[in-house]
Amino acid sequence: MDSKRLGIVAKPVTWVVHMLGLAAILLVLVWCIYFRGGLAWEATNKSHIFNLHPVLMLIGFIFIASEAILAYKVLPGDRAYKKSVHLSLQLVALVLGIIGIYTAFKYHNESGIVNLYSWHSWLGLGTICLFAIQWFVGFFVFFYPGAADPIKAAILPWHVFFGVLIYLFAIATAELGFLEKLTFLESSGLYKYGSEAMLVNFTAMIVLIFGGVVILSAILPSELEPEGYHPVSIEP
């Protein structure tokens, strides 16, 4: 697909990305703080520890990772600067993702719940491992010490492909997480048509749309492409 035929550029679409991302963060904070009782690293009510998990994963692994993907599209400056911002944001996303996953293990261990029993946890752990590998490959090949130009040219399309694929895995993991937690809450007596259930479903829908718009922004041509930079075309 030739993205130029869509007739729009990435920059105005990224504003939609930012608005949807901030809306998703606000909704998950309302859910975890107002409906679920708050956030805590240590607490008698262990659910407060778990509440850190969706907040950190959404802010780090979804929102900040999305900002890293779009760094080449929206930031002024040369390619080296954009590359540094991209790598830095992805590192922040990785660190927050690791802490977010740790809080889920911490909650399970302190509550006597077994770990890694669901498709959500399997996919999430696999995704963050792939994310870490992708970051290290990007750092050593494209940043420091940097590979030879022919090697960079050969690896770049695969780096882009796996970056998008891993991001889609992250979105899918988030959707499974919303479904899993809401199913547990409803089986424990939460009213299926109550305000909390509606909020969780609406948040999951916003996150899904957000992910789609991020991918759209990533494949659209940019008004801010640095001289000599050519985006990798994505063929059907």
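The values are calculated or read from the model by the stated rules, or taken from the named source; none is laboratory data. The structure presented is a predicted model; accordingly, all values stated were derived computationally and were not measured. Every residue, glycine among them, receives a Cβ derived from its backbone with ideal geometry; neighbour counts consider all protein chains shown. The protein model used for the area step is the full one, side chains on, heavy atoms only, and it has no ligands, DNA or RNA in it. Shrake-Rupley method; radii C 1.70, N 1.55, O 1.52, S 1.80 Å.
What full-extension length gain, to one decimal in nm, is calculated for ALA80 and LYS11 as 0.36 nm per residue of separation minus the Cα-Cα distance?
22.9 nm
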In the stretch 10-219 the accessible area split gives carbon plus sulfur, as whole percent at 1.4 Å, a share of 75
Placing one equal point scatterer on each C-alpha of the stretch 10-219 and summing with Debye, one gets log10 I(q)/I(0) at q = 0.17 Å⁻¹ equal to -1.17
Neighbours of ALA71 by Cβ distance under 10 Å: Lys/Arg at +1, Asp/Glu at -1, summed charge +2
Check: C-alpha center the stretch 10-69 vs C-alpha center the stretch 144-191, spacing in Å is 16
Protection proxy (average C-beta count within 10 Å per residue), highest first, orders 80-91, 34-45 as 80-91, 34-45
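When ranked by the protection proxy of mean other Cβ atoms within 10 Å per residue, highest first, what sequence do the peptides 135-148, 209-222 form?
Output ranking for 135-148, 209-222: 209-222, 135-148.
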